[in-house]
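Structure record follows, encoded as structure tokens.
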Amino acid sequence: MAHLQDRLAVLPSAALRGLARGVEKESLRVTASGALAMTPHPRELGAALTHPHITTDFSEAQIELITGVHPDAETCVRELAEIHQYVYRHLADEMLWSSSMPCRLPPDDDIPIGQYGASNVGKLKTVYRMGLARRYGRRMQTISGVHYNFSLPESAMTALQREALDERSAVTFQTDAYFGLIRNFRRHSWLPLYLFGASPAVCRSFVDGRPHRLLPLSADTLYLPHATSLRMGPLGYQSDAQRSLAVSYNSLGSYAGSLHHALTEPYPQYDAIGVIDATDGYRQLATTLLQIENEFYGTIRPKRRIRRGERPLHALTERGVEYVEVRSLDVDPFAAVGIDTVTMRFLDVLLLHCLLSDSPPDTPDEIAIIAQNQYRVAERGREPGLRLHRNGSDVALADWGRELIDECRPIADAVDQARGGRVYRDALSVADRVMQQADAAPSARVLQEMHALYDDSYIEFAIAKSREHRDELFTRPLPVDVDTRFRALAEESLARQRSIEESDRLPFEEYRQQYLARDLTSGMRLGP
């Protein structure tokens, strides 16, 4: 705690005002009855391949909405709302699903995979998704979430480096600082699941033919009574094959080394699938454990903007970490755009705590414990007296959570002083109340509302919330200049897709091989 206070003290007010964030929010398009939409991505929204704010994720029916980078939570939510407003004006009779766990799903093979046009890069994206479908099943890929991107200004990193008397290059110091943040966030990643998890129940169609430990709640709904985020538990977006990776975040070299092996060495189970089938065409991009970097699951990722045609891992090893991406947030069914400013502000403070606190190296044993804690909280987080593993012993979840929130208070005070007001302290107060009253957690509120209003039906609850959010966002005035800008972006994206398709010269197979053969690590030393 002393080191945290010392490091916090050296951050100039301008640095605390300069925290930056952005959001990527996934949602399924659904019909009025809560069934997955089988229509193509609406042309009026532009080309999913090239639009900077409106694209698709795994499924053609899974829209992903992306904000720019913002200096505060309010403007970030405002832009996300404007993107939603524009989308809703072009969805006809469809809605965006209000929850992370999917709607009523058709048979697995009928879930439509994202289509990105006739270009090589578009085909690459679709074939990658074909590989995901064969490896994990299409149902799992329809789970949606909110990704929170976070970074500090250069002045913050400069102040921390000066305080540490560190003589490394600025890029190396920043990269190592972000990896320290990531290690600590992974240790505490159970806390956002408890505070913001909102997926304690699922539609029965999601688990058709799959083993599970869920309990029946109603004719169409299964659940676990103390679950917080089934999305982040063993039933959710997970992979038995990837659990063998045990990726270390002790340095960029160790992280890149772990992924490099998974991206370059054939994996027997996927080797058996093959790449091309004479009947089906392409089955996956590669036979390695990971087809590409984005296939690696995790609660948080180091990130760097990539150049055209560049591999993400190469960008990291060439130019260092630019920001982090928190990937453990459920879509909030009580927020019209899936996330609110209170959640963002709490994450800002928690991520600062993770950056400023001492961050010892991780170990294989600790990595296994982190996974155990994550699954325990995902499935049993609100269970009275639940205990988690920490530093070789067990500790009550409630005690550990309150301890972390208390340690975050000086950070919230400092950010509020730098920005004026007390909104960051208020965000901690909300978290503290949820920590002390499990019934106030979003996951508990979902079950309470399902029971009180919808006969314990997850589907009926989510339909009602989807309709409520659609009506709210559709009736909000959309400024003319915003509508005009998004119309122009849609047309520009379609034109850009056509240009890419017209400029292609290579056969797809040659393009695929060249893409996979590109330099992954810029020649850096891999490993510890």
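Here are a few things to note about the model shown:
- Enumeration of residues in segment 340-369 that are open to solvent by 10 Å² or more (accessible area, probe 1.4 Å) and either assigned to a helix (DSSP H, G or I) or under 28 Å from L65 (Cα atoms) (or both): D340, T341, V342, T343, R345, L355, P364, D365, E366, I367, A368, I369
- Count of residues meeting criterion [under 14 Å from R135 (Cβ atoms) and either part of a helix (DSSP H, G or I) or in contact with a strand residue (DSSP E or B) (Cβ under 8 Å, 6 or more places away or on another chain) (or both)] in segment 267-277: 6
- Unique match (being within 15 Å of the chain's Cα centre (by Cα) and within 28 Å of Q436 (Cβ to Cβ)) among P192, P200: P192
- Every residue from segment 278-318 that is among the small types (G, A, S), more than 18 Å from Q514 (Cβ to Cβ) and outside any loop (DSSP other than H, G, I, E, B): G281
- Condition check for V121: over 26 Å from H469 (Cα atoms) and aliphatic (A, V, I, L, M): yes
- So A452, is it open to solvent by less than 40 Å² (accessible area, probe 1.4 Å), over 30 Å from H314 (Cα atoms), part of a helix (DSSP H, G or I) and not basic (K, R): no
- Subset of segment 478-528 (residues that are among the polar types (S, T, N, Q), at pLDDT below 95 and open to solvent by less than 80 Å² (accessible area, probe 1.4 Å)): T521, S522
- Of all residues making up segment 190-243, the number that are modelled with pLDDT of 90 or more, open to solvent by 40 Å² or more (accessible area, probe 1.4 Å) and under 15 Å from G381 (Cα atoms): 3
Table: residues versus (1) closer than 30 Å to E449 by Cα; (2) touching a helix residue (DSSP H, G or I) at 6+ places or on another chain (Cβ under 9 Å); (3) among the aliphatic types (A, V, I, L, M).
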residue: L91; (1), (2), (3): yes, yes, yes
residue: L96; (1), (2), (3): yes, yes, yes
residue: P102; (1), (2), (3): yes, yes, no
residue: D108; (1), (2), (3): yes, yes, no
residue: A118; (1), (2), (3): no, yes, yes
residue: V121; (1), (2), (3): no, yes, yes
residue: V127; (1), (2), (3): no, yes, yes
residue: M130; (1), (2), (3): no, no, yes
residue: R134; (1), (2), (3): no, yes, no
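- Pairing each residue of segment 418-446 that is over 19 Å from S229 (Cα atoms) with any residue that is among the polar types (S, T, N, Q), provided the two are 6+ apart or on different chains, yields C-beta distances under 6 Å for A418/S13.
- Filter result for the condition that a residue is closer than 25 Å to E79 by Cα, at pLDDT below 95 and among the hydroxyl-bearing types (S, T, Y), over T317, T299, T363, T343: T299
- Consider segment 266-279 and keep the residues that are at pLDDT below 90 and of a type outside the set (V, I, T). The one that is surrounded by the fewest Cβ atoms within 10 Å (Cβ to Cβ) is A278.
- Condition met for A412 (assigned to a helix (DSSP H, G or I) and either in contact with a strand residue (DSSP E or B) (Cβ under 9 Å, 6 or more places away or on another chain) or more than 26 Å from L352 (Cβ to Cβ) (or both)): no
- Candidates in segment 312-339 are the residues that are touching a Phe, Trp or Tyr at 6+ places or on another chain (Cβ under 8 Å) and among the acidic types (D, E); of these, the one that is surrounded by the most Cβ atoms within 10 Å (Cβ to Cβ) is D330.
- Members of segment 86-95 found to be part of a loop (DSSP other than H, G, I, E, B) and open to solvent by less than 30 Å² (accessible area, probe 1.4 Å), listed by number: L91, E94
- Residues of segment 103-119 that are within 30 Å of Q513 (Cβ to Cβ), open to solvent by 20 Å² or more (accessible area, probe 1.4 Å) and part of a loop (DSSP other than H, G, I, E, B): P112, Q115, G117, A118.
- Any hit, segment 370-377, residues being closer than 28 Å to E293 by Cα, aliphatic (A, V, I, L, M) and open to solvent by less than 10 Å² (accessible area, probe 1.4 Å): yes
- Any hit, segment 145-163, residues being closer than 30 Å to I273 by Cβ and either of a type outside the set (D, E, K, R) or open to solvent by 20 Å² or more (accessible area, probe 1.4 Å) (or both): yes
- Residue selected from segment 461-477 under the condition without any contact (Cβ under 8 Å) to a residue 24 or more places away in the chain and over 25 Å from the mean Cα position of the chain (by Cα), by the criterion surrounded by the fewest Cβ atoms within 10 Å (Cβ to Cβ): P477
- Within segment 464-490, the set of residues being closer than 9 Å to Q85 by Cα and outside any helix (DSSP H, G or I) comprises R476, P477, L478.
The values are calculated or read from the model by the stated rules, or taken from the named source; none is laboratory data. Everything numeric here is computed off the predicted structure, so don't read it as measured data. Neighbour counts are summed over all protein chains in view; Cβ atoms, including those assigned to glycine, are modelled from backbone coordinates with ideal geometry. Heavy atoms of the whole protein, side chains included, go into the accessibility calculation; ligands, DNA and RNA do not. Shrake-Rupley method; radii C 1.70, N 1.55, O 1.52, S 1.80 Å.
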